[in-house]
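Colleague: Sending over a structure as structure tokens; questions will come in a sec.
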Amino acid sequence: MKNLMQSVEVGVSQRRGVNVTRPKVWLKNELVRVGLAETLCTYVMMAFGLGSVAQVVTGQGAFGQYFSINVGFGLGVAMGVHVGGKVSGAHMNGAVSFTMCVFGRLAWKMLPLYIFAQLLGSFLAAGTIYGIYYEAIHDYCGGNLTVTGAKATAGIFATYPAPYLSLMAGFVDQVFGTAMLLLCLMALSDQKNKPAAAGGEPAAVGLLVVLIGISLGSNSGYAINPTRDIAPRIFTAIAGWGTDVFRAGNGWWWVPLVATPVGGVLGAGIYKVFVELHHPPHSEQAEGSAEESIPLEKDQNICANVCV
């Protein structure tokens, strides 16, 4: 009630032409603002995503199937973009941040901040979902926290390859999945092509994640995001699953870390070479099309987005 009254007072003061000072608690340091926003939007994305997996696994199919996990992560990404998109760009994905640096759309000095924020947000989300589903997880597995087997639960938090998948095939799988993610994100933000409609960017990016999940997810759980995978994996190692989380899948843990940045740069580079570099000059295109938008500035983030 107090906050409501303060808001009313501010509105009345503004209409009367009275200068209203900002509360002193407002943060002015851009690095802090960006770090907090990136942490929170990553947390939101991961909480919804991991929560959807936990519900499917512990519910044994009674509360959703594989598709609901795809939708959970996709909508989680969309909500994350709404939370931090105007402040940090809502990358929520180390591969996206790395790719932005490679293509000059994010300063390299900002990369450690983004990676740290994403790791922190993912770790906190894993801890939260573990707490929320603690009793359900232990009821499902009988208190035996395992990484593999019929009652394995480590896959709620991090990705693991299917039994048939080799490390080489898994590496290619993650490179390709992340390449498709960044290629499409480049297209969605390309103001000289057909970008996502203004205000519709969160939904577009969320649908992209759903699309990747339903088409490229069965081999290894479509991590397509190094920070999304390693932070919850570390959490599970601490929480009771032990070092098996790093040994499972022939030492699978490093594949999402290495393959995804490679795929991100590859996908963004392919879009740039095949499409972006060949746009006509702005003035030429504007004469022939009323839909031409202002070109994407070099220092803008490629997307107000990201990914699982």
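Just so it is clear, none of the values below were taken in a lab; they were calculated from the coordinates. For clarity, every value in this text was computed on a predicted model and none was experimentally measured. Using ideal geometry, Cβ is built from the backbone for each residue, glycine included, and neighbour counts are taken over all protein chains shown.
Colleague: For Ile230, Ile69, Ile132, which order do you get if you count the other beta carbons within 10 Å of each Cβ and list the fewest first?
Modeller: Values: Ile230 22, Ile69 26, Ile132 15.
Going from least to most buried by this count: Ile132, Ile230, Ile69.
Colleague: Another question, if that's okay. Residue by residue, what Karplus-based ³J(HN,Hα) values in Hz, rounded to whole numbers, does segment 83-98 have, using 6.51, -1.76 and 1.60 with θ = phi - 60° and x for Gly and Pro?
Modeller: Each residue of segment 83-98 in turn: 5, x, x, 7, 9, 10, x, 6, 5, 6, 7, x, 5, 5, 4, 4 Hz.
Colleague: Determine the distance separating the Cα centre of segment 170-207 from the Cα centre of segment 80-157; give it in Å without decimals.
Modeller: 19 Å
Colleague: Can you tell me how much longer the chain between Ala107 and Lys194 gets when fully stretched, taken as 0.36 nm per residue apart minus their C-alpha distance, in nm with one decimal?
Modeller: 28.7 nm
Colleague: Right, next: Checking a compactness column here: for segment 216-260, what do you get for Rg(Cα) / (2.2 N^0.38 Å), N being the number of residues?
Modeller: 1.11
Colleague: Further question: Quick one: if you stick a label point 7 Å off each Cα along the C-beta vector at Ser68 and Val258, how many nm between them?
Modeller: For Ser68 paired with Val258, the spin-label model returns 3.7 nm.
Colleague: How compact and how long is segment 27-288, expressed as Rg and Dmax of its alpha-carbon atoms in Å?
Modeller: Final numbers for Rg and Dmax: 18.6, 68 Å.
Colleague: If packing is taken as the mean number of other Cβ atoms within 10 Å per residue, what is the order of 185-195, 35-45, 203-213, 84-94, highest first?
Modeller: 84-94, 35-45, 203-213, 185-195
Colleague: A further question follows. If I stretch the segment between Met168 and Phe274 completely, what's the gain in nm (0.36 nm per residue apart, minus their alpha carbon distance), one decimal?
Modeller: 35.4 nm
Colleague: Tell me, in nm to one decimal, what length is gained between Gln60 and His138 on full extension, where the rule is 0.36 nm per residue of separation less the Cα-Cα distance?
Modeller: Full extension from Gln60 to His138 adds 26.7 nm.
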